[in-house]
1. With the structure loaded, tell me whether VAL145 is aliphatic (A, V, I, L, M) and in contact (Cβ under 8 Å) with a residue 40 or more places away in the chain or whether it fails that test.
2. Looking at segment 219-236, is at least one residue among the β-branched types (Val, Ile, Thr) and buried (at least 24 other Cβ atoms within 10 Å of the Cβ)?
3. Could you say which residue among SER51, SER115, SER139, SER74 is within 30 Å of ARG24 (Cβ to Cβ), without any contact (Cβ under 8 Å) to a residue 60 or more places away in the chain and either surrounded by fewer than 22 Cβ atoms within 10 Å (Cβ to Cβ) or out of contact with any helix residue (DSSP H, G or I) (no Cβ under 7 Å at 6 or more places or on another chain) (or both)?
4. Out of ARG468, ARG450, ARG463, report the one residue that is open to solvent by less than 10 Å² (accessible area, probe 1.4 Å) and in a helix (DSSP H, G or I).
5. Mind listing just one residue for me: the one in segment 226-242 that is part of a loop (DSSP other than H, G, I, E, B) and among the aliphatic types (A, V, I, L, M) and, of those, nearest to ALA452 (Cα to Cα)?
6. Can you tell me which residues in segment 426-437 are open to solvent by 40 Å² or more (accessible area, probe 1.4 Å) and part of a loop (DSSP other than H, G, I, E, B)?
7. Sort out which residues of segment 20-41 are crowded, with 17+ Cβ neighbours inside 10 Å, touching a strand residue (DSSP E or B) at 6+ places or on another chain (Cβ under 6 Å) and either within 29 Å of THR456 (Cβ to Cβ) or at pLDDT below 95 (or both), and write them in order of number.
8. I'd like to check something: does segment 406-413 contain any residue that is surrounded by 23 or more Cβ atoms within 10 Å (Cβ to Cβ), in contact with a strand residue (DSSP E or B) (Cβ under 6 Å, 6 or more places away or on another chain) and in a helix (DSSP H, G or I)?
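The values are calculated or read from the model by the stated rules, or taken from the named source; none is laboratory data. On a predicted model such as this, the values are computed, not experimentally measured, just so you know. A quick note on method: Cβ atoms are made from the backbone with ideal geometry, for glycine too, and the neighbour counts reach across all protein chains shown. Ligands, DNA and RNA are excluded from the accessible area calculation, which covers all protein heavy atoms including side chains. Shrake-Rupley method; radii C 1.70, N 1.55, O 1.52, S 1.80 Å.
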Amino acid sequence: MSDRSGTVAAVDLGATSGRVMHARVGPGTLELTEAARFLNTPVRVWEGDRSALHWDLTGLFSSVHDGLAAVARSDPALASIGVDAWAVDYGLLRDGRLLGEPYHYRDERTARGVSLVHEAVDPAELYREGGLQFLPFNSLYQLAVDAADGSLEAADRFLLVPDLIAYWLTGTEQAERTNASTTGLLTAEGDWNGALIGRLGLPVGVFAPLVDAGTPVGGLLPSLAAEFPFAGAGPVVTTVGSHDTASAVVAVPMDPARAAYISCGTWGLVGVELEHRVVSEEGRDANFTNEGGVDGRIRYLHNVMGLWLLSESLREWQQRGLPVGLEGLLAEAAELPRPADVFDPDDPRFLAPGDMPSRIAGWFSERGLSAPASPAGMVRVIVESLAAAFAESVQRAAALTSVAVEAVHIVGGGARNALLCQATADRSGLPVLAGPVEATAIGNVLVQARAAGLLTGDLETLRALVARTTSLVRYDPR
């Protein structure tokens, strides 16, 4: 390994918040400091006959700019910047200009795209081609709506969110493979699937050249570099696992032959890491996906609705004027008995923003069951329902891949939720190892550091550094 340390910055954009992290990395060093944290709040605008949900991506880039400026003031010698973000959503450009703020994947328009795509290509064939689980907001469904509406006619470039941010930083248009794998438009070899793109009536020329994580993109644009007090030529922008889960999985201190992971934030991504895709009818029926990972690994996983259920419930209660906070509710919920019944977090009714407690109550009522009456009771049933879904997904992942899962690693914001971690251990019958919380940012900086020569080695070597520098919390099944 290299015997020197250096600094990099991670731009880590989640579906509800973003952060810029400043990191010092070396063979025995992994230190992260938060330079900036900011909300990522979608906006609703009226479009003809409906209210549409968009990302405020230009506002988000302004926050990224301010965070990088803060890093530059404290560390002019920064070596590299990497960008990761959520999957599937994208910007359409013409001559380098964004044609409109990207749609939010929770916007209702995606339902129309499903029927458009499935009329052209059978879902079973889509799975064999791309290995991607069915989610109604996958990029190919959104693009089908754009094509039907004529929105693609004006576009000459499609860039997923992290690639768009990197373009605004450097002027270089390219597509990093881990996030591109969530579009449903890649071949098994990781290239754009020109035949499928043509069958869907999409223009193949809009898709940018594909690159792997750890590829130098370029330096900051001169106009942008002039605004930051970086020394010399300034940092290079480097691709990382630009899908935030791909970066998070890099930082899971696990043995992939004996462990499952849950990257738990707005979504709960539950699965195992493989060397090769597993594309079977059993996997399709279980709605498991084969997404690209760093170094050519495969993230074989299932999406569970995640902490979105808690955050939307909390937002609803606060709008009603109830004096509630998440920490207090979790403490109250932990004192309640384990509920007799749980609900299905993946029910499509829970996807859109809105009154989550009433929707959950409706799920119970339709089945002749009683929903919890208090916010604390509702929090407890949400946590237990997530834990049950996590445990089932771990068991299915193991059965579908023959990975002998002996432990479950929970990383991301869910690692802070002791009630959720313990419930997952109880329901899976496996020990749960919680941490690191900032796994996505850590995976981001590790890939950058390796590209910059500050680290060497494979993913297991990088994970060993995480294990040496991170304290994990263990939850044994009761």
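1. Numbers: aliphatic (A, V, I, L, M): yes; in contact (Cβ under 8 Å) with a residue 40 or more places away in the chain: no.
No; evaluated as a whole, the condition is false for this residue.
2. Residues of segment 219-236 among the β-branched types (Val, Ile, Thr): 236.
Now drop any that are not buried (at least 24 other Cβ atoms within 10 Å of the Cβ), which leaves none.
Within segment 219-236, none of the residues are among the β-branched types (Val, Ile, Thr) and buried (at least 24 other Cβ atoms within 10 Å of the Cβ).
3. Numbers: SER51 fails: within 30 Å of ARG24 (Cβ to Cβ); SER115 fails: within 30 Å of ARG24 (Cβ to Cβ); SER139 fails: within 30 Å of ARG24 (Cβ to Cβ).
None of the others qualify; the one that does is SER74.
4. On the way: ARG468 fails: open to solvent by less than 10 Å² (accessible area, probe 1.4 Å); ARG450 fails: open to solvent by less than 10 Å² (accessible area, probe 1.4 Å).
Of ARG468, ARG450, ARG463, the one residue that is open to solvent by less than 10 Å² (accessible area, probe 1.4 Å) and in a helix (DSSP H, G or I) is ARG463.
5. Going residue by residue through segment 226-242, those that are part of a loop (DSSP other than H, G, I, E, B) are 226-235, 239-242.
Okay, now just the ones that are also among the aliphatic types (A, V, I, L, M), so 226, 231, 233, 240.
Details: ALA226: 23, ALA231: 17, ALA233: 15, VAL240: 12 Å.
That would be VAL240.
6. Going residue by residue through segment 426-437, those that are open to solvent by 40 Å² or more (accessible area, probe 1.4 Å) are 427, 429, 437.
Residues satisfying the conditions are GLY429, VAL437.
7. Residues satisfying the conditions are VAL20, MET21, HIS22, ALA23, ARG24, LEU32, ALA35.
8. Among the residues of segment 406-413, not one is surrounded by 23 or more Cβ atoms within 10 Å (Cβ to Cβ), in contact with a strand residue (DSSP E or B) (Cβ under 6 Å, 6 or more places away or on another chain) and in a helix (DSSP H, G or I), which makes the answer no.
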